[in-house]
Amino acid sequence: MASKVEGFNFEQRHGKARVRVARVWRNKSDNIHSMVEWNVSISLLSDCVNSYVRDDNSDIVATDTMKNTVYVKAKECSEQLSAENFAILLARHFTSFYKQVTTAIVKIVEKPWERVLVNGQPHDHGFKLGSEKHTAETTKSGFEGFIRDQYTALPETRERMLATEVTALWRYSYESVSSIPRNPLYFTERYLDVKKSLANTFFGPPKEGVYSASVQGTLFQMAKAVLNRFPDISSIQLKMPNIHFLPVNISSKENTIVKFNDDVFLPTDEPHGSIEASLSRFWSKM
């Protein structure tokens, strides 16, 4: 907003950038899940000049409040909606709830999560980001029974989101060029088959899925499935970082702002769990 301050034209705005939020909707009738991941940036034009020139913050909407509002409004959306509609919802809130705010500019970038297909059927709670290298399950994952000591704060759970970025490296067992199949597309087809095997093991059947007790356990089952299915693969190495979707619980001294109910998450890239392992046949040279 432009204002005259001490003989100068003064323009200002403030906001909160890169608020990452993931929202999961669970259809109670058929237990099919839907999910979105948004990166929200908010910029408010408001009458808060006094905070700049008189050290008076009484007209400022705190940027932390803006961040919390994103999570609150995401939780209040009981039905799936578009990024555009969520942006309108936020802008209307800021301009109607705060008399100091005249304009709200909301920008949202949505990550293109898509429902995966397993054996040609849409999976109830499995999603991929672009290719199947980035994968996520909105349920059927837990982490319990790990070492607890004075440095441990992580709670145990049997219900969490599991997201990872799968990197796979495998070695074939052919001893000479002459023993390699002559089909020029053989290794292309084998690559697609291995990728399908990894994905199917990660997600499980389309309806019920498969429970993951840890990323480590899922990694081992994926590697074992490849070696069991493809006899010409002698070893496989998998790297599967645990990309955290953290439950959003926000409280103040006075009240609970957002209470997590397997619905609103904070997606993070760093730090992340680093999990990798290799599996090989006894005669393999990994």
Unit charges at the beta carbon, dipole of the stretch 218-286: most positive-side option, LEU227, THR256, ALA277:
LEU227
Give, in nm to one decimal, the length gained when the segment between LEU192 and ASN119 is fully stretched (0.36 nm per residue of separation minus the Cα-Cα distance).
24.9 nm
Long-range alpha-carbon pairs in the stretch 201-286, meaning those over 15 Å apart, account in percent for 71
For the chain, what is the relative contact order in percent, using Cα pairs closer than 8 Å and at least 6 residues apart in sequence?
17
Rg and Dmax of the stretch 10-87, using alpha carbons, in Å: what are they?
16.6, 57
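Based solely on its DSSP helices, what 222 nm [θ] is calculated for the chain when runs of n ≥ 4 H residues each add -39,500 (n - 2.57) and the sum is averaged over all residues, nearest 500 deg cm²/dmol?
Details: 5 runs with 66 residues, N = 286.
After summing the helix terms and dividing by residue count, I get -7500 deg cm²/dmol.
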Using alpha carbons only, how many angstrom separate the centre of the stretch 221-241 from the centre of the stretch 56-124?
41
Using the beta-carbon distance between ASP269 and SER29 and R0 = 30 Å, what value does 1/(1 + (r/R0)^6) give for FRET efficiency, to the nearest 0.05?
0.30
Taking Rh as the Kirkwood radius computed over C-alpha pairs, what is the Stokes-Einstein D of the stretch 67-128 at 20 °C in a medium of viscosity 1.002 mPa s, expressed in µm² per second?
154
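Just to make sure I understand: if all protein chains stay in place, what is the order of LYS67, LYS253, LYS4 by accessible area at 1.4 Å, largest first?
Per-residue accessible area, sorted high to low, gives LYS253, LYS4, LYS67.
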Counting only protein heavy atoms and using a 1.4 Å probe, what share of the accessible area of the chain belongs to carbon plus sulfur, as a whole percent?
51
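Quick one: Kirkwood hydrodynamic radius for the chain, alpha-carbon pairs, angstrom, one decimal?
22.2
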Of all DSSP beta bridges with both partners in the stretch 136-286, the antiparallel percent, nearest 5, is 95
Loop-only check: which GluC sites (Glu not before Pro) in the stretch 1-100 are DSSP coil with at most 15 other Cβ within 10 angstrom?
GLU6, GLU79
Cα-based helix-to-principal-axis angle, 63-76 vs the chain, degrees rounded to 10
60
For the Cα atoms of the chain, what angle does the longest principal axis make with the long axis of helix 83-97, in degrees from 0 to 90, nearest 10?
20
What's the Cα-based Rg to Rh of the stretch 85-185, Rh via Kirkwood?
1.22
Charge dipole (debye, nearest 20) of the chain; +1 at Cβ of Lys and Arg, -1 at Cβ of Asp and Glu:
600
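Taking loop as defined by DSSP and a crowding limit of 11 other beta carbons within 10 Å, which chymotrypsin sites (Phe, Trp or Tyr not before Pro) in the stretch 147-242 fit?
Those that pass, being in a loop and sparsely packed, are TYR151.
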Once the dipole of the chain is set up from charges on Cβ (+1 Lys and Arg, -1 Asp and Glu), the residue from the list SER179, ILE105, ALA74 lying farthest towards its positive end is SER179
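Could you calculate, for the stretch 23-65, the ratio of the Cα radius of gyration to the Kirkwood radius, expressed as Rg to Rh?
1.37
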Which net charge results for the neighbourhood of GLU144, defined as the other residues with beta-carbon distances under 15 angstrom from its beta-carbon, given Lys and Arg at +1 and Asp and Glu at -1?
+2
Which GluC sites (Glu not before Pro) in the stretch 183-286 sit in a loop by DSSP (not H, G, I, E or B) and have at most 16 other Cβ atoms within 10 Å of their own Cβ?
GLU208, GLU254
Keeping all protein chains in place, calculate the accessible area per residue for the chain (probe 1.4 angstrom), answer in Å².
58
Could you tell me the extents of the stretch 188-228's C-alpha atoms along the three principal axes, largest first, rounded to whole Å?
32, 23, 14
Kirkwood Rh in Å, taken over all unlike Cα pairs in the stretch 1-149:
18.2
When averaged across all projection directions, what area in nm² does the alpha-carbon convex hull of the stretch 130-213 cover?
8.9
Helix 186-203 against the longest principal axis of the chain: what's the angle in degrees, Cα atoms only, rounded to the nearest 10?
60
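The values are calculated or read from the model by the stated rules, or taken from the named source; none is laboratory data. Worth saying up front: this structure is predicted, and the values here are computed from it rather than measured. Here Cβ is always computed from backbone atoms with ideal geometry, including for glycine, and neighbour counts include all displayed protein chains. SASA here: full protein model, heavy atoms, side chains in, ligands and nucleic acids out. Shrake-Rupley method; radii C 1.70, N 1.55, O 1.52, S 1.80 Å.
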